[in-house]
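Visitor: Pasting in a structure now, in structure tokens, and then I'll have a few things to ask.
The values are calculated or read from the model by the stated rules, or taken from the named source; none is laboratory data. Not measured: the values here are computed from a predicted model. Every residue, glycine among them, receives a Cβ derived from its backbone with ideal geometry; neighbour counts consider all protein chains shown. What goes into the accessible areas is simple: the full protein's heavy atoms, side chains included, and nothing from ligands, DNA or RNA. Shrake-Rupley method; radii C 1.70, N 1.55, O 1.52, S 1.80 Å.
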Amino acid sequence: MLSILAVDDSPSMRKMVSFTLTGAGYHVVEAVDGQDAFEKAQTEKVDLVLADQNMPRLDGIGLTRMLREQAKFKTTPILILTTESSDQMKQAGRAAGATGWLVKPFDPNRLIEVIQKVTR
């Protein structure tokens, strides 16, 4: 079973994402912000990271950068799921090493499709 680290500072968004992913058969590890996610990524099995962009302490792009600096996360898919949709932000995400960019509100079926595509 693939394990997904779902990172969002909104409890309701974490709940919706977790409900969607567990319903699709994934194991979900939740984190409340980028710093919490980075700490959990050191001890948990993580096959994919799904991170919000705007969070306290450490945002999604900062988290992506920190994870990419570690050998074990060089090839792990990292998706940014955010309300931010500007090309400038997407470019910053790519530069940090994000695999993809999804805009909220998310379509559960589309989210699962993207996750299946990047974890093959």
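Visitor: Restricting the search to region 1-14, which residues are among the polar types (S, T, N, Q) and not in a loop (DSSP other than H, G, I, E, B)?
Guide: Ser3, Ser12 - these are the residues of region 1-14 that are among the polar types (S, T, N, Q) and not in a loop (DSSP other than H, G, I, E, B).
Visitor: While we're here: Take Val17 and tell me if it is under 12 Å from the mean Cα position of the chain (by Cα) and part of a loop (DSSP other than H, G, I, E, B).
Guide: no
Visitor: So, in region 20-42, how many residues would count as being assigned to a helix (DSSP H, G or I) and not aromatic (Phe, Trp, Tyr)?
Guide: Counting residues in region 20-42 that are assigned to a helix (DSSP H, G or I) and not aromatic (Phe, Trp, Tyr) gives 12.
Visitor: Quick one: in region 43-92, of everything that is charged (D, E, K, R) and in a helix (DSSP H, G or I), which residue is least open to solvent (accessible area, probe 1.4 Å)?
Guide: Arg68
Visitor: Looking only at region 93-110, which residues are exposed (fewer than 15 other Cβ atoms within 10 Å of the Cβ) and in contact with a Pro (Cβ under 9 Å, 6 or more places away or on another chain)?
Guide: If the condition is that a residue be exposed (fewer than 15 other Cβ atoms within 10 Å of the Cβ) and in contact with a Pro (Cβ under 9 Å, 6 or more places away or on another chain), then no residue fits.
Visitor: Scanning for something in contact with a Leu (Cβ under 6 Å, 6 or more places away or on another chain) and open to solvent by less than 60 Å² (accessible area, probe 1.4 Å), does region 2-18 turn up at least one residue?
Guide: Looking for residues that are in contact with a Leu (Cβ under 6 Å, 6 or more places away or on another chain) and open to solvent by less than 60 Å² (accessible area, probe 1.4 Å), one finds at least one in region 2-18, hence yes.
Visitor: Let me ask something else about it. Please verify whether region 19-36 includes one or more residues that are crowded, with 23+ Cβ neighbours inside 10 Å and without any contact (Cβ under 8 Å) to a residue 40 or more places away in the chain.
Guide: So far as region 19-36 goes, yes, one or more of its residues are crowded, with 23+ Cβ neighbours inside 10 Å and without any contact (Cβ under 8 Å) to a residue 40 or more places away in the chain.
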